[in-house]
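The values are calculated or read from the model by the stated rules, or taken from the named source; none is laboratory data. Model, not experiment: these values are computed from the prediction. Neighbour counts are summed over all protein chains in view; Cβ atoms, including those assigned to glycine, are modelled from backbone coordinates with ideal geometry.
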Amino acid sequence: MREMLRLFIAVVVFSCLSGGVLAAIQNVTKERIEYQQLKFVKGPTIKNIMEGCSNDPLIDRLSILDEAREMHLFIGEFEGKRNTVAFETFGKGFGGVMGVIVGVNLENDEIIGVGVTTHSETPGVGSKAKTDPDFAAQFKGLSILDPFKVKTDGGQIDALSGATISSRGVCGAVVEAGEIYKRLKPTIIEKMKEKQG
Amino acid sequence: MAKTAVQEFTKGLWAEIPPFRLVLGLCPILAVTKTVENGIGMGIATTFVLICSNILISLLRNVIPKKVRIACFIVVIATFVTVVELIMQAFAYPLFLKLGIFIPLIVVNCIVLGRAEAFAAKNGVVASLADGLGIGLGYTLSLTALAIVREVLGNGTFYDIPVFGPTFEPFSFMVQAPGAFVCLGLMLCIMNMLGKK
């Protein structure tokens, strides 16, 4: 019986020590891991949208709770003014969920750029939503509060040839971004002031 | 202790080089050696775990009760593997994405548990450190050797640098799973021929 207890205690002590060490290390590396994930998954798209900004939007970011979902907003600084945010929304494409990052100018609600992050569209057809710069460029300069639709649905966006559903997915994500933006704009401006001050 | 630390170190590099002489740790060696970068990354991760677990188990060899030693060894090894996983996510995220599931699987790598049971549990700290370093380095060398053959023939590149010029038609069989078996088999064959006296 005492032997059993000894073995039991040995394993418990080992496991507890190991758990403690791991918790400590996870605490230390947590922030960096989050940054790395943002950098390699969303980073390239954000860099593309925020071309010419003078800060690092990946570090300069806000977290705001939107209807129980945590939104990461990346802030871009242009000509000394922190007037741009970019954030990710999701649309339904042909092969599943598409992640779309939309960059918006806070002063005039204009879209400065749109980019697809993760998707599972058909390579060479729907995947052009990510790779074809002409498609994404159509959103540039329009107001984010507009209803976005592809031309076949009576809207203003030229769909990618053969990939109407993927194009709809991107439009849907941008429309969703508009709704989120409408909801969050006051909070965003408030939080940005807080951060600066 | 009849042998010196130097001898413990060098035996891992030739006489007991893990995949070719002990024929252990074959799962990762077949799976991750598509490119030299992956091979080296995996080798370093395994070496780190091997050295740390060898040192700790050697230090604790008189504390760990014999009957639950395997459970304790696995706890120690799993802890270090998780540490490696976290560090890799924080500092080498692209490599982490490529190696994926094979990092957590170091826990069940026979080499690590094998060295803990066969060596570290019976020898002093210095000898265990030398043993871990030697075996780890030997494992890294084997992974790299196999990866060089496979990447150069299968992809025409070395560490992502083209070596044959644009006219080279890659022998893509080598980077597929059957190519890994054939390549490993031939290497074992060569090692056995060289080892014969």
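Scanning region A:175-197 for residues that are under 13 Å from A:G91 (Cα atoms), touching an Asp or Glu at 6+ places or on another chain (Cβ under 9 Å) and in contact (Cβ under 8 Å) with a residue 40 or more places away in the chain yields a single hit, A:A177. Evaluate the following for A:I75: is it within 21 Å of A:C171 (Cβ to Cβ), in contact (Cβ under 8 Å) with a residue 60 or more places away in the chain, away from chain B (no Cβ under 14 Å) and not hydroxyl-bearing (S, T, Y)? Considered against the rule, which asks whether it is within 21 Å of A:C171 (Cβ to Cβ), in contact (Cβ under 8 Å) with a residue 60 or more places away in the chain, away from chain B (no Cβ under 14 Å) and not hydroxyl-bearing (S, T, Y), A:I75 comes out as no.
Here are A:V104, A:V97, A:V116: which of them is out of contact with any helix residue (DSSP H, G or I) (no Cβ under 8 Å at 6 or more places or on another chain) and at pLDDT 85 or above?
After applying the criteria, what remains is A:V97.
Restricting attention to region B:81-135, the residues that are of a type in the set (S, T, Y) and modelled with pLDDT of 90 or more total 2. Those helices (runs of 4 or more DSSP H) of region B:63-143 in which at least 1 residues are within 12 Å of chain A (Cβ to nearest Cβ) and without any contact (Cβ under 8 Å) to a residue 40 or more places away in the chain, considering only elements entirely within it, cover B:69-91, B:93-99. Of the residues screened, B:E37 is one that is away from chain A (no Cβ under 14 Å), more than 12 Å from the chain's Cα centre (by Cα) and modelled with pLDDT of 85 or more.
With the requirement that a residue be farther than 17 Å from A:N105 by Cα, surrounded by 14 or more Cβ atoms within 10 Å (Cβ to Cβ) and either modelled with pLDDT under 80 or of a type outside the set (S, T, Y) (or both), what does region A:35-57 give you? Those that are farther than 17 Å from A:N105 by Cα, surrounded by 14 or more Cβ atoms within 10 Å (Cβ to Cβ) and either modelled with pLDDT under 80 or of a type outside the set (S, T, Y) (or both): A:Q36, A:Q37, A:L38, A:K39, A:V41, A:K42, A:G43.
One line per residue, one yes/no per condition, for (1) touching a Ser or Thr at 6+ places or on another chain (Cβ under 8 Å); (2) within 11 Å of chain B (Cβ to nearest Cβ); (3) without any contact (Cβ under 8 Å) to a residue 60 or more places away in the chain:
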{"position": "A:A10", "(1), (2), (3)": "no, yes, yes"}
{"position": "A:G20", "(1), (2), (3)": "no, yes, yes"}
{"position": "A:K30", "(1), (2), (3)": "no, yes, yes"}
{"position": "A:F40", "(1), (2), (3)": "no, yes, yes"}
{"position": "A:P44", "(1), (2), (3)": "no, no, yes"}
{"position": "A:L62", "(1), (2), (3)": "no, no, no"}
{"position": "A:G91", "(1), (2), (3)": "no, no, no"}
{"position": "A:F94", "(1), (2), (3)": "yes, no, no"}
{"position": "A:V102", "(1), (2), (3)": "yes, no, no"}
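Looking only at residues of region B:144-186 that are touching a residue at least 60 places away in the same chain (Cβ under 8 Å) and under 30 Å from B:V6 (Cα atoms), we find that the one that is surrounded by the most Cβ atoms within 10 Å (Cβ to Cβ) is B:A147.
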